[in-house]
Amino acid sequence: MELWVRIPLRKSHGTPTDSNSEYPKDSWELWNAFRRLCDYDSNLSVALDVESMLLPSQNSLERWLGESVKAVIISTEVIADCFVQTARGYLLTSYGEELITRFFHHSVQIIISGSTLHDLQKESVNITEGKFSLVLVGADGTHTHPYKPYWDYVSNLFYSMELLSEQERIELRYRDRMCTLSQPLKDNLDAEAYEMLEQDSYKYIQYKRAIARALKDRVPNEKASELTTVLMVVGAGRGPLCQSIIGAEKTDRKVKVYAVEKNPNAVVTLHDLVKANGWEGTVTVISCDVRFWNAPERADILVSELLGSFGDNDLSPECLDGAQRFLKPDGISIPFSYTSFIQPVTTSKLYSDIKSHNKHSYFETAYSVKMHSVARLAPSQPVFTFTHPNFSKKHNNEGYRKLYFDLPRDMGSALVHGFAGYFEAFLYDDVHISIEPTTTTPNMFWWFPVFFPLVKPVEVHSKTPIEAHFWRFNDSTKVWYEWSVATFPTGSPIHNTNGSSYWIDL
Ligand SMILES: C[S@@+](CC[C@H](N)C(=O)[O-])C[C@H]1O[C@@H](n2cnc3c(N)ncnc32)[C@H](O)[C@@H]1O
């Protein structure tokens with residue numbers, strides 16, 4: 001059985017609960033109290049009752065996008081308020097337009113309730129003005145159904161929605177589908193994964209830009225015909241970064257490239273690529289794990305793309321620590337720095353999906369997911385930063401961060417189901433790639449965000465910051481993250497202690 005609870009969309013200012021009334025001022029509190037009593041049962045959803053098109057603040061509405069909202073109920077009276085009578089007839093105002101279209105994007109049903117308020121025979125008018133103009137009567141002056149104008153209102157909003165971009169259409173089938181994070185160090189990527197990876201042309205454009213700048217800075221114009229720059233591609237895959245280097249050769253710099261790759265299947269394709277392009281004199285293919293390779297000479301530039309959705313989670317720090325042995329003391333690493341970010345989110349959908357497995361370890365695992373039904377509760381903040389090369393003898397790749405997130409004041413309370421994770425990487429100078437929402441590289445699609453769930457969702461209030469703790473640990477065989485929330489009065493236990501549920505093999 002599925003139960004949809006009809007909740008009015010209401011939030012007035014002031015304290016969440018008025019002491020004189022049983023009814024909370026913020027109807028989200030009502031919903032939250034009820035589903036908490038039902039232990040966050042995933043068969044419980046919301047039908048939001050829009051009482052007026054004079055809506056609560058954007059921030060408070062935002063919370064509902066992460067909740068399991070199945071329907072939005074709009075009464076004919078509310079819609080009638082959107083018809084403003086003018087000298088030329090009726091015009092529709094844009095109140096509520098954004099709310100309804102945002103719910104359309106989440107496949108929420110719109111229910112029209114109440115009796116019809118427009119006597120269309122008398123009020124037969126043609127409105128063609130403005131964005132929301134509608135025809136209230138058919139060409140022959142009749143309507144097939146008395147609710148047609150209300151249906152027209154809603155469908156007009158639907159048809160005036162912006163079309164999805166090509167990329168959004170491709171990504172539709174990945175929305176809110178969680179996958180365990182790949183481990184390209186332990187496992188070998190298959191041909192399909194390389195195929196997808198290589199389609200992300202914007203990433204390679206940025207690499208090409210970074211490599212060209214680094215080559216020019218390394219060798220001045222007047223020495224371009226004399227000096228040869230040695231580049232090592234660490235984790236060359238099937239060769240697109242070698243192509244970026246050769247493409248960057250338009251800088252007229254002479255280059256010698258070592259392409260190191262540990263996946264024997266990718267190495268076969270890499271050899272073919274070198275042969276097909278006649279690069280034998282420029283590119284040497286090395287079939288080896290870079291951590292155990294003895295390079296015949298030192299490199300000027302290390303080029304790598306060993307980044308996971310959370311930056312360091314594909315163990316780029318550990319691999320590049322191994323590779324910098326053969327980098328010249330003044331050598332360059334592309335990327336030279338990367339940072340992970342987290343932000344607290346409400347996402348009933350992902351929480352229910354994890355809960356359905358009925359296994360504690362699933363709540364202590366990070367997932368890659370194209371988040372869609374999600375409310376981002378506060379701006380993201382940096383967690384771990386790694387810079388390369390790092391010749392300091394003391395450095396280790398463990399880390400700990402305590403972060404405070406403030407909910408917007410007008411948001412009201414919210415439920416945190418976990419954290420969305422992202423990365424931003426600087427390749428060379430200011431050339432960067434990012435999936436962090438405020439600095440994201442447009443049209444890059446290979447990396448989806450990471451989701452770190454919480455075993456029990458944590459309730460937070462706008463006056464109390466969310467206190468999050470993140471750790472990165474390693475031992476001789478693996479790397480893992482631990483995380484917890486210590487927000488008063490609830491908080492959470494530490495997740496994934498000692499990497500008991502989720503880890504990345506070294
Ligand atoms: C994300 S893919 C990137 C491939 C390619 N550079 C590109 O950008 O299309 C990472 C590649 O690094 C390889 N790799 C990971 N760790 C490595 C290591 N320690 N030594 C050599 N190759 C490694 C993987 O097998 C994989 O082919």
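The values are calculated or read from the model by the stated rules, or taken from the named source; none is laboratory data. All of these numbers come straight from a predicted model, not from anything done at the bench. Cβ sites come from the backbone with ideal geometry, for glycine too, and all protein chains shown count toward neighbours. For the accessible areas, the whole protein counts, side chains as well, though only heavy atoms, and no ligand, DNA or RNA atoms are used. Shrake-Rupley method; radii C 1.70, N 1.55, O 1.52, S 1.80 Å.
General remarks:
- Global geometry of the range 358-506, whether rounded, prolate or oblate, following the gyration tensor of its Cα atoms and the 1.5 cut on a/c: oblate
- Under 18 Å from the Cα of K456 - aspartates and glutamates, other chains or at least 8 residues apart: E29, D39, D41, E67, D353, E364, E467, E482
- Pair-distance distribution P(r) for the chain, from all Cα-Cα distances in 20 Å bins starting at 0: 20, 43, 27, 10, 0 percent.
- The aspartates and glutamates within cross-link reach of K254, meaning a Cα-to-Cα straight distance under 18 Å and a gap of 8 or more places when in the same chain, are D217, E222, E226, E280, E297, D300.
- With the helix formula -39500 (n - 2.57) applied to DSSP H stretches of n ≥ 4, the chain reaches a computed 222 nm mean residue ellipticity of -6500 deg cm²/dmol.
- Counting DSSP beta bridges with both ends in the chain, the antiparallel % (nearest 5): 60 percent
- Most to least packed among 224-237, 153-166, 48-61 [average Cβ atoms within 10 Å]: 224-237, 48-61, 153-166
- Annotation note: trypsin sites (Lys or Arg not before Pro) in the range 324-409 located in DSSP loop regions with a Cβ neighbour count of at most 13 within 10 Å are K359, K393, K394, R409.
- In summary, the lysines within cross-link reach of K463, defined as a Cα separation below 18 angstrom excluding same-chain residues under 8 places away, comprise K11, K25.
- Positive-end extreme of charge dipole, the range 191-305 - chosen from V283, I246, V230 (charges on Cβ): V230
- Note on N498 and K216: with the Förster distance fixed at 45 Å, the Cβ-Cβ geometry gives a FRET efficiency of about 0.40.
- Accessible area of the chain divided out per residue, in Å², using a probe of 1.4 angstrom: 47 Å²
- The packing ranking of peptides 313-319, 438-444, highest mean first, is 313-319, 438-444, where packing means the average number of other beta carbon atoms within 10 angstrom of each residue.
- Sequence ranges 489-495, 465-471, 267-273, ranked by mean other-Cβ count within 10 angstrom, highest first: 465-471, 267-273, 489-495
- Surface share of carbon and sulfur [accessible, 1.4 angstrom probe, percent] for the chain: 52 percent
- Using Cβ point charges alone (K and R +1, D and E -1), the dipole size of the chain about the Cα centre works out to roughly 840 debye.
- Legend: distances between Cα atoms for K223/K262; K216/K393; K208/K402; K70/K370; pairs beyond 25 Å are K223/K262; K216/K393; K208/K402.
- Dipole of the range 191-305 [Lys/Arg +1, Asp/Glu -1 at C-beta], most positive-end residue of A266, A193, V219: V219
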